[in-house]
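The next block holds one structure in the form of structure tokens; read it before the comments.
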Amino acid sequence: MISVTFSPSVDYEGGFFEGYLMSATTNHKENVAIIGLGRAGTAIGYLLRQAGYPIVAVASRSHASLQDRIRYTGGRAFTADAYAEAASLATCIFITTPDDSIAPVCREIAQKGGFKPGDKVIHMSGAGGLDLLEPARKAGAMVACIHPIQSFADVEGAIRNILLSTFGIVADEGLRCWSAGLVRELGGIPFEVPEAIKPLYHAAACMASNYLATLIHTVEEIYLSLGLNRDEAMRTFWPLVSGTLKNIETSGSIQALTGPISRGDAGTIEQHIRVFREKLPAYLPVYCAMGLLTVDLAMKKRTLPPERAEIIKKILKGGG
């Protein structure tokens, strides 16, 4: 049994989590190889193992990753010079390397005979399409992408967060149902994404997670400029952030909107722009760009009359 400490709110060794996996759609339990033991690959390997899939091989360029993370996945360990050998031991191969490495790793495995007809080869890139796995397809494998719409700061957080996360799926026709069933066995929710617009789907996910982190950091920096330290800054504005997120979750983004733009307070916006220009001019373009989008949101909420909206737009465009 793997000894890992998790949040007490979810029992990863049994209980609800185990019951959720057992009640999910059951696929044939193929032997699995994980090529790339980053946070996502390690978490997926762990959850597949919990769902009853034999992890027969794991491979990584980093010896440290192999030594540290094989406890989550089990399986025979291989280094980068033996990716093809690792893949050859399985009928289901996950290539969970960084995005830019997926295509060359797949090509290398194919060139060295690591894929067999009938294999299933999967990557987890958010933006990448099935073309990244074309060498596997030419070798007779079926290919798919399953991408969790989730943020993974560390392995244990990834394992926790995957539960009930939505996965974007792009798959060969013969793997669509299988991929959806696999996602359910991981405790996720499948969502089929048209391959042609996959980069747009991924861009939205980046804005929801990465850009949100950047926005929060920007707010933090503004409070630091007032003389607070980072802990004090976080204590100051985090209840506001938390309350807003709760309002969005319960009422939706439109109804959750409050503040001076929603009220049509043009004078307040002018004050904001003036102080940004004087004290923190680097952040003024961000403030104005977000403000213009907020005007549109306030119009949708119907709290901002059209004539006030035009006034505020002119102020924001002039400020930016």
Sum up the charges of everything whose Cβ sits under 15 Å from the Cβ of Leu293, counting Lys and Arg as +1 and Asp and Glu as -1, but leave Leu293 out. +3
Of the lysine pairs in the chain, how many meet both conditions: Cα atoms under 14 Å apart, and a spacing of 8 or more in sequence or different chains? 4
Suppose we look only past 16 Å in the calculated P(r) of the range 250-320. What percent of the Cα-Cα pairs does that tail hold? 43 percent
Hey, what's the chain come to in accessible area per residue, 1.4 Å probe, Å²? 50 Å²
At 7 Å along Cα-to-Cβ for each site, give me the label-to-label distance between Met290 and Glu310 in nm. 2.8 nm
Largest first, what is the accessible-area ranking of His63, His272 with a 1.4 Å probe? His63, His272
Ignoring ligands, DNA and RNA, how do Asp100, Asp119 rank by accessible area with a 1.4 Å probe, largest first? Asp100, Asp119
Treat every Asp and Glu Cβ in the chain as -1 and every Lys and Arg Cβ as +1, leave all other atoms uncharged, and give the resulting dipole magnitude about the Cα centre to the nearest 20 debye. 480 debye
How far apart, in nanometres, would the label points at Leu215 and Ser251 be if each is projected 7 angstrom from Cα along the Cα-to-Cβ direction? 1.7 nm
Counting only protein heavy atoms and using a 1.4 Å probe, what share of the accessible area of the range 109-217 belongs to carbon plus sulfur, as a whole percent? 61 percent
Through the Karplus equation 6.51 cos²θ - 1.76 cosθ + 1.60, θ set to phi - 60°, convert the phi angles of the range 181-186 into ³J(HN,Hα) values in whole Hz; use x for Gly and Pro. x, 4, 4, 5, 5, 7
Counting Lys and Arg as +1 and Asp and Glu as -1, what is the net charge of the other residues whose Cβ lies under 12 Å from the Cβ of Thr214? -2
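Quick check on packing: order 207-220, 299-312, 122-135 by the mean number of other C-beta atoms within 10 Å, highest mean leading.
Averaged packing, sorted descending, gives the order 122-135, 299-312, 207-220.
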To the nearest 20 Debye, how big is the dipole of the range 74-190 about its Cα centre, given +1 on the beta carbon of each Lys and Arg and -1 on that of each Asp and Glu? 300 debye
Positive minus negative residues near Val241 (Lys, Arg vs Asp, Glu; Cβ under 14 Å): 0
Give the shape of the range 185-313 as rounded, prolate or oblate, defined through the alpha-carbon gyration tensor: a ≥ b ≥ c are the square roots of its eigenvalues, a/c under 1.5 means rounded, and otherwise the shape is prolate if a/b is larger than b/c and oblate if not. oblate
Hull surface over four for the Cα convex hull of the chain, reported in nm², is 19.3 nm²
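The values are calculated or read from the model by the stated rules, or taken from the named source; none is laboratory data. Bear in mind the structure is a predicted one, so any value in this text is a computation, not a measurement. We place every Cβ from the backbone using ideal geometry, glycine too, and count neighbours over all the protein chains shown. Heads up: the accessible areas ignore ligands, DNA and RNA and are worked out on the full protein's heavy atoms, side chains in. Shrake-Rupley method; radii C 1.70, N 1.55, O 1.52, S 1.80 Å.
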